[in-house]
Amino acid sequence: MKFESLMAIRYIFKQKRHSLLTIISIFLALSLMTALFTGYYTLTCVLREVNYANNPYHVRIYDLTKEQAESIKSYDHIDTVEFKEFIAGNTQTDIMLKKGMKDFLTWFQQLLKDKELGFESVDYDRYDINMSLKNYDLIDDEARFNQLQLLCILYVFIIFIAMSLRMIIDTAFEISSKERERQFGMLESIGASPKQIVRIITLEGLMLCIVGVPLGLLGGIGSAWLAFRSVLSSGIAETFIAPALAKRTVTFHISPMYLALSAVTGLVWVLLSAYGTGMRVIKISPVQAITSGGGVVKKVRRRSLAGLIFGWKGKLASRNVRRQPKRFIITVLSLTLSLSLYSSVEVVVDNAQIATKKMIMMDTGSDEGVMLLSPNISADPLAYKDTVENLKKTGYFKAIGMDILGTARLKENGINTDGRSGSTYYVNKDWYEPFFKVNYGLEPPMTYEELEASGGFIAVSLNGDPIDLKEANCLYFGKYYSDDDLKKLEKVYSDGEVDEDEFKVFREAGERAEKRNTEKKVKIAASVKIDDSAFGRYGVPAEGTVDIVAPISMYENGDYELFGNYSYPPNIYAEVVDNASYSAALKYVEEPKHKVELFFDAVGLYQDMDAVFTGIRLGSAFLNIFIALIAMVNLVNIITTGLINRKSELASMQCVGMTEGQLYGMSIVECLQFVITAAVFSVILCILLIIGTEAFVHVTGLAEDGIKLGIGYFEPVPKILLGSAAAFAVSTIASLLTLRNMQKTEPVERLRSVD
Amino acid sequence: MELLKIEDLCKTYGKGENEVKALDKVSFTVPKGQMLAVIGPSGSGKSTLLHIIGGVDRPTSGKVWLDGQDVYEQNNKNLAIFRRRQVGLIYQFYNLIPVLSAEENITLPMIMDGRKPDKERLEKLLKLLDLTERRDHLPSQLSGGQQQRVSIGRAMFTSPGVILADEPTGNLDSKNSAEIMELLRNSNRDFNQTMIIITHDENIALQCDRIITVSDGHIVNDVLTGIN
């Protein structure tokens with residue numbers, strides 16, 4: 001081994017650039033693996049901490065006596081037991097367990113039996129098992145198996161990525177050993193055994209690992225930490241977890257076990273690469289290694305697209321890139337993966353964000369985000385006017401839309417006589433157009449002013465025959481409450497939230513209320529019909545019903561009296577001026593004295609969604625950068641190796657008259673072939689992914705629920721082109737630099753030997 | 001009429017103590033159509049001389065004129081064009097392009113020049129080289145003798161001013177060597193092709209019109225064999 005280690009050390013220091021390249025390759029590969037493992041571990045720990053903060057027990061048993069709780073402490077596998085007694089007399093006992101038991105459920109049943117805890121039979125209401133925490137803490141075999149399963153899935157995913165990582169290490173060894181083939185041949189010719197040659201290269205790999213592996217682990221931890229900080233800066237944690245809890249639980253974690261797993265995987269990768277390279281080197285006979293420079297080509301493709309486009313340079317380039325088909329395929333695959341990921345993640349996240357906004361928009365009619373409010377109930381049916389005026393005065397809102405749902409329906413010529421009622425809406429000007437869009441998916445048939453001037457309703461026929469009437473009978477259902485009940489109702493609504501008991505008050509008051517129906521002839525100002533294709537706020541509308549829509553002035557000018565003696569709580573759609581006004585507006589509506597209740601906060605939801613999507617974007621950006629780096633390094637390696645391996649061949653071409661320009665041109669076409677092939681595959685892959693997802697949406701029935709993918713087949717193409725252009729630029733620069741470096745020696749010098 | 005003129009050609013490798021003079025003030029001329037053999041012991045500077053004549057290695061000093069043109073006054077691009085049009089190089093280890101077929105290797109200099117290969121000439125040459133049946137074979141599918149014939153074909157295809165052969169038979173058995181030499185001889189005779197052949201083999205040298213002996217970077221002997 002003395003000879004082998006001596007040679008390995010000499011080669012490392014003699015070929016500093018190659019050693020550095022190999023160390024960088026190991027560093028990159030290990031960094032990605034460590035970052036992924038650390039990211040996964042941190043996520044697991046955060047989830048565990050959040051779970052523990054909310055439910056700090058593996059098992060919680062209710063209504064034990066203090067003695068019973070005490071008696072549990074001495075039982076097998078118990079870590080801590082915490083007993084709590086409440087004023088009402090009920091108790092809860094929180095138990096935390098130690099790791100290492102075989103089967104939790106058997107153990108628990110035995111505990112109930114042994115300690116005589118008053119369980120006649122299994123009574124699920126008297127205990128709660130925190131299965132998630134049990135799994136996170138690896139309490140029993142099942143938990144360990146579950147976690148192992150998850151780890152295996154992650155490991156398979158990482159191994160998949162690591163396939164291209166191995167390429168990096170592999171090509172690094174390939175480059176350095178290729179340049180020394182002649183020297184290895186010479187060593188063999190003077191008596192070194194093939195085993196010794198393999199050992200030299202393997203030892204070299206191991207020695208480079210001493211520097212590469214720790215650096216890779218540190219790089220991985222560093223980049224995982226950076227990704228973690230960036231994702232947190234988007235506010236994603238506070239979106240899902242209360243800020244105080246988030247601060248305590250969302251922290252960065254490093255696992256020695258995962259670090260060891262990364263290191264071992266990296267080490268095995270390096271050894272395999274070094275050993276594989278060694279085995280390849282010894283297959284070349286010493287004489288061949290000493291005398292020949294180029295590889296033996298047994299078969300070439302006669303025709304190629306590159307040849308047709310770029311002539312003889314294209315033909316040569318096409319044959320050259322296919323001299324090592326396995327490497328060509330792997331490099332193209334890793335580049336394809338990188339381009340597809342880069343383009344599809346962006347497109348998917350963009351579309352998911354748009355789709356989420358659309359879904360919110362369907363409820364609110366605004367793509368800016370509105371706060372859906374409702375004024376509290378009042379004995380004055382027009383009391384909401386003050387609430388709206390006050391909201392306007394705040395200056396936080398640029399538009400305040402409003403609709404009131406009245407209990408009235410048309411009763412004419414067979415319309416609505418089967419008991420199904422259409423709805424009656426009184427809409428204000430700000431909300432008039434969005435109202436039609438949101439509810440019926442169409443533009444209003446006349447302007448708000450025209451509707452007001454007509455003094456009538458717009459009849460909207462839902463999946464039935466259009467209303468061909470100028471006038472119709474309308475039945476108004478009025479409800480009149482006693483003063484006592486009105487007071488009770490006001491109290492119910494005063495705190496903004498209605499619980500089950502309060503709802504009972506509302507229902508009983510409704511039953512006691514006096515009902516008065518009024519029939520009145522109303523004018524039909526316009527009529528529209530919508531069909532199945534319309535998809536409004538309430539989904540596909542019921543067949544045969546007719547909605548009537550009128551301006552709010554009609555309600556305020558007298559219609560309100562037909563509905564009873566209390567204010568209908570209208571829907572108020574308040575659109576905030578800007579994000580800066582949002583906090584103030586939120587504070588305003590949350591104060592009970594302003595007598596307004598916040599039902600749905602689309603602005604807040606948008607902001608939360610934005611935080612989530614920013615988090616996803618940042619996280620995927622880090623992954624993208626890593627994968628792009630791997631693809632780029634692979635591409636650069638394969639291009640450079642290809643040129644270095646053909647050093648003497650290129651020299652002989654120059655000897656028979658190839659100019660430097662022609663040489664550069666050929667090399668650029670080679671780069672182009674990698675990039676174009678990868679780009680084409682990426683486009684195909686992305687289209688297949690989109691088609692697959694669309695098929696999934698249809699097969700799972702999500703399409704029937706109105707979920708549409710909304711991604712154009714060629715939407716990822718611009719991003720793929722951008723990524724391809726970057727890859728092309730990097731590979732071209734690398735190949736031109738390599739060739740330029742080669743040109744420093746005369747062709748005849750390069751012709752003489754390969755190193 | 002002189003085709004090639006070499007004047008005070010010097011080539012030095014290394015610096016200071018490590019300085020080695022591969023060629024030291026070498027001068028001679030070669031008339032058109034002459035077949036010249038350059039012999040000498042290993043390290044005497046034969047190959048260096050050949051490469052400098054061929055425009056693939058630059059001299060430290062001195063001049064090379066081919067057909068009245070100063071070879072090294074040209075820039076790199078023109079030097080490459082000069083190599084592809086004016087020089088045909090034949091190497092001991094053939095130096096064929098492994099991804100190109102025999103036919104493509106032969107026509108490569110012309111293709112690089114952006115010219116369409118003359119089909120008639122190609123057929124004649126393939127027939128002459130006995131490669132018609134092997135025209136679509138890759139170098140790895142050819143024997144050593146066949147590979148060298150491809151290499152000769154490549155050198156001859158553009159009808160260059162001079163063909164330079166660096167030990168063209170050094171890697172071949174005696175039968176193949178004889179065939180190659182016959183080919184070169186015929187080419188010289190039939191097309192009045194100027195040739196410079198570097199060799200260790202005295203028998204090969206004796207088949208040439210003139211023999212120059214090089215030793216330690218100097219011409220120590222220059223004789224006409226009297227064949228023509």
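The values are calculated or read from the model by the stated rules, or taken from the named source; none is laboratory data. This is a predicted model, so every value here is computed, not measured. Counting neighbours? That spans all protein chains shown, and the Cβs are built from the backbone with ideal geometry, glycine included. These area figures cover heavy atoms from the full protein model, side chains too; ligands, DNA and RNA do not enter into them. Shrake-Rupley method; radii C 1.70, N 1.55, O 1.52, S 1.80 Å.
Things to note:
- Checking A:Phe599 against (1) away from every other protein chain (no Cβ under 14 Å); (2) assigned to a helix (DSSP H, G or I), the condition it does not meet: (2)
- Out of A:Ala29, A:Ala8, A:Ala53, sole residue that is open to solvent by less than 80 Å² (accessible area, probe 1.4 Å) and in contact with an Asp or Glu (Cβ under 8 Å, 6 or more places away or on another chain): A:Ala8
- Residue list for segment A:102-119, restricted to those being modelled with pLDDT under 80 and open to solvent by less than 40 Å² (accessible area, probe 1.4 Å): A:Leu117, A:Phe119
- Residues within segment B:115-142 that are within 14 Å of another protein chain (Cβ to nearest Cβ) and polar (S, T, N, Q), tallied: 2
- Of the residues making up segment B:81-88, not a single one is open to solvent by less than 10 Å² (accessible area, probe 1.4 Å), part of a strand (DSSP E or B) and either facing another protein chain (nearest Cβ under 7 Å) or without any contact (Cβ under 8 Å) to a residue 24 or more places away in the chain (or both).
- The strands (runs of 3 or more DSSP E) found entirely in segment A:338-426 that carry 3 or more residues being in contact with a helix residue (DSSP H, G or I) (Cβ under 7 Å, 6 or more places away or on another chain), surrounded by 16 or more Cβ atoms within 10 Å (Cβ to Cβ) and at pLDDT 80 or above are A:397-406.
- Residue in segment A:628-660 that is most open to solvent (accessible area, probe 1.4 Å), counting only those that are more than 12 Å from every other protein chain (Cβ to nearest Cβ) and either among the small types (Gly, Ala, Ser) or not in a helix (DSSP H, G or I) (or both): A:Ala628
Yes/no matrix, rows are residues, columns are (1) open to solvent by 30 Å² or more (accessible area, probe 1.4 Å); (2) at pLDDT below 85; (3) under 20 Å from A:Ile638 (Cα atoms):
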{"residue": "A:Glu181", "(1), (2), (3)": "no, yes, yes"}
{"residue": "A:Phe184", "(1), (2), (3)": "no, yes, no"}
{"residue": "A:Thr249", "(1), (2), (3)": "no, yes, no"}
{"residue": "A:His253", "(1), (2), (3)": "yes, no, no"}
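- Residue match in segment A:583-594 (condition: assigned to a helix (DSSP H, G or I), surrounded by fewer than 19 Cβ atoms within 10 Å (Cβ to Cβ) and within 29 Å of the chain's Cα centre (by Cα)): yes
- Checked against (1) at pLDDT 90 or above; (2) under 27 Å from B:Lys25 (Cβ atoms), B:Arg154 meets all criteria but (2).
- Segment B:89-114, residues that are more than 11 Å from chain A (Cβ to nearest Cβ) and open to solvent by 30 Å² or more (accessible area, probe 1.4 Å): B:Glu103
- Residue match in segment A:91-101 (condition: in contact with a helix residue (DSSP H, G or I) (Cβ under 9 Å, 6 or more places away or on another chain), exposed (fewer than 15 other Cβ atoms within 10 Å of the Cβ) and either touching a residue at least 24 places away in the same chain (Cβ under 8 Å) or in a helix (DSSP H, G or I) (or both)): yes
- Scanning segment B:20-41 finds one or more residues that are without any contact (Cβ under 8 Å) to a residue 12 or more places away in the chain and not polar (S, T, N, Q).
- Counting only residues that are of a type in the set (A, V, I, L, M, F, W, C) and farther than 21 Å from A:Ile26 by Cα, segment A:208-233 holds 3 of them.
- Considering segment B:1-69, the qualifying strands (runs of 3 or more DSSP E), each wholly inside and each with 3 or more residues that are among the β-branched types (Val, Ile, Thr) and away from every other protein chain (no Cβ under 14 Å), run over B:20-31.
- Among the helices (runs of 4 or more DSSP H) confined to segment B:133-228, the ones with at least 3 residues that are open to solvent by less than 60 Å² (accessible area, probe 1.4 Å) are located at B:144-157, B:174-191.
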